[in-house]
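Working notes, structure below.
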Amino acid sequence: MSFVHDEGKLRFAFDGDWKILKWDDHDAYVGGLQRFQETKAVDFFGLYLGEPYFIEVKDFRGHRIKNKARLSNGDLAREVAYKVRDTVAGMVWACGRSPLDGGELRGFVRPVLERSRKVPVVLWLEEDRPPGPADASTLGETIKRELTWLNPRVLVTCRSLAQTAPVHGLEVTNVS
């Protein structure tokens, strides 16, 4: 594995075919755009074999009741969409801005801006009762409607759906 990061109670291990930014921890976000109230960021932005991916992680295990409405009323879909939007804008803004960008961001941004195919947006959603494929698909369609400007291919997945809805080169486990 070339990049491993713990996000809450989950461990994300990306293989060597990935090039990853932990965007919500990146200097350009933390030292720049996060200062603007309401600015959001996805957890990971990556390139898998050159293809850009936005990955947002939500672990609702133990918080089912608190998050039930967010899942059904569109709030979670809008939150993911805002994070993707702000991430694209933030990365473009930060390109070449020293000391926020050490020159790496252009290589990440270019594949998003030059895409003619759908851009993958992944919501990794762990719940006490994992979503079934139909629920995941419905939530994915809601996110997709919020991101029509991006022409996304949205995947809502979790550890129990990873066999049928995989993110290639990514292994997610519980942190012990």
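The values are calculated or read from the model by the stated rules, or taken from the named source; none is laboratory data. Only a predicted model underlies this, so the values are computations on that prediction, with no experimental measurement involved. Here Cβ is always computed from backbone atoms with ideal geometry, including for glycine, and neighbour counts include all displayed protein chains.
For the stretch 25-52, the candidate set comprises residues that are buried (at least 20 other Cβ atoms within 10 Å of the Cβ) and out of contact with any strand residue (DSSP E or B) (no Cβ under 7 Å at 6 or more places or on another chain); within that set, the residue that is modelled with the highest pLDDT is Ala41.
For every residue, the table says whether it meets (1) over 25 Å from Asp6 (Cβ atoms); (2) among the polar types (S, T, N, Q).
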{"site": "Val84", "(1), (2)": "no, no"}
{"site": "Pro111", "(1), (2)": "yes, no"}
{"site": "Pro131", "(1), (2)": "no, no"}
{"site": "Thr173", "(1), (2)": "no, yes"}
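Filtering the stretch 85-99 down to residues that are touching a helix residue (DSSP H, G or I) at 6+ places or on another chain (Cβ under 7 Å) and among the aliphatic types (A, V, I, L, M), which residue is surrounded by the most Cβ atoms within 10 Å (Cβ to Cβ)? My answer is Met91. Among the candidates Leu125, Leu150, the residue that is modelled with pLDDT under 95, farther than 17 Å from Lys19 by Cβ, in contact with a Cys (Cβ under 7 Å, 6 or more places away or on another chain) and buried (at least 19 other Cβ atoms within 10 Å of the Cβ) is uniquely Leu125. Only a single item in (1) crowded, with 18+ Cβ neighbours inside 10 Å; (2) closer than 17 Å to Ala13 by Cα; (3) basic (Lys, Arg) is not met by Lys144, and it is number (2). Pairing each residue of the stretch 106-130 that is under 26 Å from Ala28 (Cβ atoms) with any residue that is among the aromatic types (Phe, Trp, Tyr) and outside any loop (DSSP other than H, G, I, E, B), provided the two are 6+ apart or on different chains, yields C-beta distances under 6 Å for Pro120/Tyr53; Val121/Phe54.
Collect the residues in the stretch 77-136 that are within 18 Å of Arg153 (Cα to Cα) and among the hydroxyl-bearing types (Ser, Thr, Tyr), keeping them in residue-number order. Hits for the stretch 77-136 are Tyr82, Thr87, Ser116. In the stretch 1-99, counting only strands (runs of 3 or more DSSP E) that sit wholly within it, the ones holding 1 or more residues that are over 25 Å from Lys118 (Cα atoms) and among the basic types (Lys, Arg) span 10-14. For the stretch 29-68, filtered to residues that are within 13 Å of the chain's Cα centre (by Cα) and of a type in the set (Lys, Arg), the residue that is farthest from Val4 (Cα to Cα) is Lys40.
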